[in-house]
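Q: Please find one structure pasted underneath; my questions will follow.
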Amino acid sequence: MIWYPYQQMKTMKTPYKIIDAQGVFLYTEDQKLIDSVSSWWSVIHGYKHPVLTEAIKAQADHFSHVMLGGLTHEPVQKLADKLAQWLPGDLDYCFFSDSGSVAVEVALKMALQYYVNQKDWKRTKVLSLTHAYHGDTFKAMEVGDDEDYHFILEAYGEKKDVIHIPTQISALEEAFSRYHEELNCMIVEPLLQGAGGMRMYDVSFLQRARQLCDEYGVLLIFDEVATGFGRTGNRFVSDLVQPDILVLGKALTGGYIGHAVTIANHRVYNGFYGDEPDKALMHGPTFMGNALACSVALKSIELFEQGDYLSKIARIEEITKREMAGLSHPQIREVRIMGGCVCVEVRGAASLQGFQQFAYERGVFSRPFLNYMYAMVPYVLNEDELVQVLTVMKEWFRQ
């Protein structure tokens, strides 16, 4: 029996069974659905894309996977080289893993060990944001701040090594003033906080964070698992403010295979480089650098570049703002739009009960959570398809 995610198995609704997928559509036995959430924000090119499918097939004809322990291969070398060339500044050193959550764990481990390698034992604390979500593995949960997902950590008692602050510059400055000697890193979902409620904030907060990290010698980590590859309207938020460590996942492979990467700058990498064995990063996911994943990731990046995806995303944002303008209802707290994301926050989760089936019957797959109705569409949908998604969202409040 399948144990499904984020569900009470005894009371869960039967999931929709998908029998095929093509472009922006999912197919059940009785319905054709626009996937308005891109399979948890990853399928940016749509389903069954011929270029991506061929990349998988071509690599599988050679081999599907070999370990990176003592071995290497062309797809992983090409992907590492491409990311180093493509990403801003000196974000050049790629450590691959098999999921975004694990890649966050790697980033946090890097930050802690960077200072341990310098015999700086007092820098054990992490600065994070309120409403943060960085994944469901244990250290990722610890730096998160969402009791709906991470309440299990209460069994360990109060967090001692993580400080959470709101996205206010005054709170940021106060935290650095108080804790800077103990901080090894600050980790953020830049500009857009995903599972914590699609919360959006201004780039000035990140700019000030970069200044303070530089002033006090603290590493800055951007978790762009959800925000990378255009979701905020920027290619990466790291193009605006450069972190020391960048985490990518989800859309890295166009949603074809789970894979992720933690990318360090020269300063961080050099903190591990030397003759001493105990300074090495002792981490190694079995499927890191998977050849199928690297091959499809390279083609996904190529599609993103050649298809002028930032223009597509700008158009999605423009249409979304036009269609959602003036939407109001006593149950709506706020409508938020950024790049390829729109969120309608309601005052109580009860007001969204039944919306998923309502959307299904109108040809849209949606998955609201808690107080949030949202869409993160594939970038390749056309205007009519996007309008259909947004119309379904609006119609729910007009019943």
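The values are calculated or read from the model by the stated rules, or taken from the named source; none is laboratory data. Keep in mind it's a predicted model, so treat the numbers as computed, not measured. With ideal geometry, Cβ positions are generated from the backbone for all residues, glycine too; neighbour counts draw on all protein chains shown. Heavy atoms of the whole protein, side chains included, go into the accessibility calculation; ligands, DNA and RNA do not. Shrake-Rupley method; radii C 1.70, N 1.55, O 1.52, S 1.80 Å.
Q: Can you name the residue in segment 141-165 that is assigned to a helix (DSSP H, G or I) and touching a Phe, Trp or Tyr at 6+ places or on another chain (Cβ under 9 Å) and is also surrounded by the fewest Cβ atoms within 10 Å (Cβ to Cβ) among such residues?
A: Only one residue fits best here, namely D148.
Q: Right, here's the next one. Quick check on my filter: what residues within segment 166-190 are open to solvent by 10 Å² or more (accessible area, probe 1.4 Å), in contact with a Lys or Arg (Cβ under 8 Å, 6 or more places away or on another chain) and part of a helix (DSSP H, G or I)?
A: So in segment 166-190, the residues open to solvent by 10 Å² or more (accessible area, probe 1.4 Å) come out as 166-171, 173-174, 177-182, 189.
Now drop any that are not in contact with a Lys or Arg (Cβ under 8 Å, 6 or more places away or on another chain), which leaves 167, 169, 173, 179, 181-182.
If the condition is that a residue be open to solvent by 10 Å² or more (accessible area, probe 1.4 Å), in contact with a Lys or Arg (Cβ under 8 Å, 6 or more places away or on another chain) and part of a helix (DSSP H, G or I), then I169, E173, Y179 are the ones that fit.
Q: Exactly one condition in (1) under 21 Å from M110 (Cβ atoms); (2) touching a Lys or Arg at 6+ places or on another chain (Cβ under 6 Å); (3) of a type outside the set (A, V, I, L, M) is not met by Q193; state its number.
A: Condition not satisfied by Q193: (1).
Q: A further question on this structure: For residues in segment 385-399 being within 14 Å of I319 (Cα to Cα) and β-branched (V, I, T), which is least open to solvent (accessible area, probe 1.4 Å)?
A: V389
Q: Which members of segment 365-384 meet the condition of being outside any helix (DSSP H, G or I), open to solvent by 50 Å² or more (accessible area, probe 1.4 Å) and within 30 Å of Q306 (Cα to Cα)? Before the answer, list the steps.
A: Step one: filter segment 365-384 for residues outside any helix (DSSP H, G or I), giving 365-382.
Subset that is open to solvent by 50 Å² or more (accessible area, probe 1.4 Å): 367, 370, 380, 382.
V380, N382, listed by residue number.
Q: Which members of segment 55-71 meet the condition of being of a type outside the set (A, V, I, L, M, F, W, C) and touching a residue at least 12 places away in the same chain (Cβ under 8 Å)?
A: Across segment 55-71, the qualifying residues are Q59, H62, S64, H65, G69.
Q: Here's something else I'd like to know. Can you tell me how many residues in segment 40-74 are under 24 Å from the mean Cα position of the chain (by Cα) and surrounded by 16 or more Cβ atoms within 10 Å (Cβ to Cβ)?
A: Summing the residues that are under 24 Å from the mean Cα position of the chain (by Cα) and surrounded by 16 or more Cβ atoms within 10 Å (Cβ to Cβ) in segment 40-74 gives 11.
Q: Determine, yes or no, whether R208 is open to solvent by 40 Å² or more (accessible area, probe 1.4 Å), basic (K, R) and under 15 Å from E224 (Cα atoms).
A: Taking the combined requirement at face value, the residue does not satisfy it.
Q: Does R362 satisfy being open to solvent by 20 Å² or more (accessible area, probe 1.4 Å), part of a helix (DSSP H, G or I) and not small (G, A, S)?
A: no
Q: Can you tell me which residues in segment 214-247 are crowded, with 23+ Cβ neighbours inside 10 Å, within 14 Å of the chain's Cα centre (by Cα) and part of a loop (DSSP other than H, G, I, E, B)?
A: E224, V225, A226, T227, G228, F229, R231, T232, F236
Q: Within the set of pairs 6 or more residues apart or between chains, which connect a residue that is farther than 24 Å from R315 by Cβ inside segment 353-377 to a residue that is open to solvent by 30 Å² or more (accessible area, probe 1.4 Å) and of a type in the set (A, V, I, L, M) with Cβ atoms less than 7 Å apart?
A: These pairs meet every condition: L370/A349; N371/A349.
Q: How many residues does segment 277-306 hold that are assigned to a loop (DSSP other than H, G, I, E, B) and either within 18 Å of the chain's Cα centre (by Cα) or in contact (Cβ under 8 Å) with a residue 24 or more places away in the chain (or both)?
A: 9
Q: If E317 satisfies all but one of (1) under 30 Å from V261 (Cβ atoms); (2) assigned to a helix (DSSP H, G or I); (3) open to solvent by less than 40 Å² (accessible area, probe 1.4 Å); (4) not aliphatic (A, V, I, L, M), what's the number of the condition it fails?
A: (3)
Q: Another one. Would a scan of segment 76-84 turn up a residue that is free of Cβ contacts under 8 Å to residues at least 12 places away in the same chain and open to solvent by 30 Å² or more (accessible area, probe 1.4 Å)?
A: yes
Q: When you look at A314, is it touching a His at 6+ places or on another chain (Cβ under 8 Å) and small (G, A, S), yes or no?
A: no
Q: I'd like to know if segment 110-132 contains one or more residues that are within 26 Å of L248 (Cα to Cα), charged (D, E, K, R), out of contact with any strand residue (DSSP E or B) (no Cβ under 7 Å at 6 or more places or on another chain) and buried (at least 16 other Cβ atoms within 10 Å of the Cβ).
A: no
Q: Go through (1) within 15 Å of D161 (Cα to Cα); (2) in a loop (DSSP other than H, G, I, E, B) for V126 and report which single condition fails.
A: Here V126 meets the rest and fails (2).
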